[in-house]
Amino acid sequence: MGSMARKNVEGTPRRSVGGTRDAKAGSPDDANPGGVRSAAPFVPVTSSVRTLAAAAHACRGCDLYKTATQVVFGSGPKGARVMFVGEQPGDQEDRQGAPFVGPAGALLDKALEDAGIPRDQVYVTNAVKHFKWEPRGKRRIHKKPRASEIKACRPWLEAELRAVKPAVVVCLGATAAQAVFGSQFKLMRQRGHVLPAPLAPQAVATIHPSSVLRAPDSEGRRTAYEMLVADLEVVAKALRGR
Ligand code: URA
């Protein structure tokens with residue numbers, strides 16, 4: 001969990017949000033070359049996901065808000081026992097304002113069902129809360145977030161973990177795994193095991209559903225999907241306490 005002192009009143013941000021000074025605070029690329037960006041000043045002290053989600057709309061902790069349609073905060077039931085962490089919202093998520101509602105989300109839903117994890121007991125979120133993209137013709141193509149953007153967004157993930165207190169955190173793909181376990185984490189070597197992590201007592205990393213969709217042929221897709229479901233079965237077992 002974050003070590004930053006949390007002195008302010010429940011539900012209030014540490015500093016005023018949305019103002020010009022906040023937008024520029026720590027900006028490494030314009031007002032403050034070499035500075036470090038962080039969402040921390042925008043994260044209220046609260047155990048309410050709804051309050052966190054509302055505050056996230058004003059986040060200027062990095063520059064991704066400038067090109068995204070809206071912030072895409074995590075969602076799921078209060079008291080969810082498992083939290084899934086993806087990389088960042090995709091094109092559909094950016095338009096709809098909810099995580100995992102596009103093709104990767106549909107595949108995740110199917111894999112959850114096949115692994116025996118009830119979808120309505122799952123909280124889903126992302127390591128980075130804004131869609132990062134580049135234009136290709138008329139399309140917006142996913143662009144991998146930089147380490148500095150993942151780090152800047154981490155206070156939101158820490159706050160979600162404090163609010164939801166899941167028994168198990170599941171990292172979908174290398175970006176989420178490195179956000180949760182640290183930059184030395186090797187996804188293909190360490191996936192599918194219940195491991196302790198700095199942010200959670202039990203965490204499991206697996207491949208991202210998008211990597212199943214991106215596999216070059218149907219055989220590759222089948223193999224990758226089976227890998228995903230096998231790892232989610234490890235999660236299901238951990239949730240049953242075995
Ligand atoms: N991919 C992700 O990592 N997250 C989403 O919300 C959608 C696609």
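The values are calculated or read from the model by the stated rules, or taken from the named source; none is laboratory data. Please read these numbers as outputs of a predicted model, since none were measured by experiment. Cβ coordinates were reconstructed from backbone atoms using ideal geometry, including for glycine residues, and neighbour counts include every protein chain displayed.
Restricting the first member to region 106-125 and to residues that are within 18 Å of Leu161 (Cβ to Cβ), and the second to residues that are more than 16 Å from the ligand (Cβ to nearest atom) and part of a helix (DSSP H, G or I), the beta-carbon pairs closer than 7 Å and six or more apart or on different chains are Tyr123/Val164. Inside region 32-81, can you point out the residues that are under 30 Å from Ala236 (Cβ atoms), charged (D, E, K, R) and part of a loop (DSSP other than H, G, I, E, B)? Within region 32-81, Lys78, Arg81 meet the criteria.
Of the residues in region 164-175, none is more than 13 Å from the chain's Cα centre (by Cα), in a helix (DSSP H, G or I) and farther than 21 Å from Ser75 by Cα. What do you reckon, is Lys151 within 14 Å of the chain's Cα centre (by Cα), more than 12 Å from the ligand (Cβ to nearest atom) and among the charged types (D, E, K, R)? Taking the combined requirement at face value, the residue satisfies it. Quick check on region 55-63. Is at least one of its residues within 14 Å of the ligand (Cβ to nearest atom), surrounded by fewer than 24 Cβ atoms within 10 Å (Cβ to Cβ) and at negative phi? Among the residues of region 55-63, not one is within 14 Å of the ligand (Cβ to nearest atom), surrounded by fewer than 24 Cβ atoms within 10 Å (Cβ to Cβ) and at negative phi, which makes the answer no. Of the residues making up region 188-224, those that are within 16 Å of the ligand (Cβ to nearest atom) and either of a type in the set (Gly, Ala, Ser) or surrounded by fewer than 20 Cβ atoms within 10 Å (Cβ to Cβ) (or both) are Ala205, Ser210, Ser211, Leu213, Arg214, Ala215, Ala224. If you go through region 167-179 and keep only what is over 19 Å from Val71 (Cα atoms), buried (at least 24 other Cβ atoms within 10 Å of the Cβ) and in contact (Cβ under 8 Å) with a residue 60 or more places away in the chain, you end up with Val169, Val170, Cys171, Leu172. Taken over region 81-98, the criterion of being within 6 Å of the ligand (Cβ to nearest atom), more than 14 Å from Ala68 (Cα to Cα) and out of contact with any Gly (no Cβ under 6 Å at 6 or more places or on another chain) is satisfied by Gly86 alone.
Residues in region 93-112 that are closer than 13 Å to Pro209 by Cβ and outside any loop (DSSP other than H, G, I, E, B): 11 in all.
Within region 225-242, the residues that satisfy the criterion of being closer than 26 Å to Arg162 by Cβ and within 16 Å of the ligand (Cβ to nearest atom) are Asp231, Leu232.
Taking region 116-161 only, how many residues are at pLDDT below 95 and surrounded by 23 or more Cβ atoms within 10 Å (Cβ to Cβ)? Qualifying residue count for the region: 0. Looking only at region 49-104, residues that are among the basic types (Lys, Arg), within 25 Å of Glu134 (Cβ to Cβ) and in contact (Cβ under 8 Å) with a residue 24 or more places away in the chain come to 2 in all. The conditions of being in contact with a strand residue (DSSP E or B) (Cβ under 6 Å, 6 or more places away or on another chain) and either in contact (Cβ under 8 Å) with a residue 24 or more places away in the chain or among the polar types (S, T, N, Q) (or both) are met by Val164. Does any residue of region 92-114 turn out to be of a type outside the set (S, T, N, Q) and modelled with pLDDT under 95? Within region 92-114, none of the residues are of a type outside the set (S, T, N, Q) and modelled with pLDDT under 95.
I'd like to check something: does region 100-122 contain any residue that is more than 11 Å from the chain's Cα centre (by Cα), near the ligand (Cβ under 10 Å from one of its atoms) and farther than 23 Å from Glu233 by Cβ? Within region 100-122, one or more residues are more than 11 Å from the chain's Cα centre (by Cα), near the ligand (Cβ under 10 Å from one of its atoms) and farther than 23 Å from Glu233 by Cβ. Determine whether region 218-228 contains at least one residue that is outside any helix (DSSP H, G or I), closer than 17 Å to Val168 by Cα and touching a Leu at 6+ places or on another chain (Cβ under 9 Å). No: zero hits.
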